[in-house]
Amino acid sequence: MYVDKLEIISVGTKYIKNKEKKNQVINHHCCDDGILLKKILPLIEAYDDAHHETHSNVTITVEFKTE
């Protein structure tokens, strides 16, 4: 299966001027070129290794649209 659009959003806590702000977008990556479905899991694992040093809650949403 081919995925037309992929969007990865990291949500977590930001610290701005010593103030804690929860549920803020930390990283946002979007790919309009598409990707094969079987390549998404290795991509997510590599992204997690690069951007998250601690454990965090992860939500993956898949949306199927028919035209």
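Figures for the structure shown
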{"item": "Gain upon complete extension [Val25, Val3; 0.36 nm per residue less C-alpha separation]", "result": "5.6 nm"}
{"item": "Rounded D (µm²/s) - the range 2-51, Kirkwood Rh over Cα pairs, Stokes-Einstein at 10 °C, 1.306 mPa s", "result": "128"}
{"item": "Residues of the range 1-18 with amide N under 19 Å of the 7 Å Cα→Cβ point at Asp32", "result": "3-9"}
{"item": "Acute angle (nearest 10 degrees) that the helix 40-51 long axis makes with the longest principal axis of the chain, alpha-carbon atoms", "result": "20"}
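Bear in mind that the values in this text are calculations on the coordinates, not laboratory data. All values reported here derive from a predicted model rather than from experimental measurement. So basically every Cβ, Gly included, is an ideal-geometry build from the backbone, and we count neighbours across all protein chains shown.
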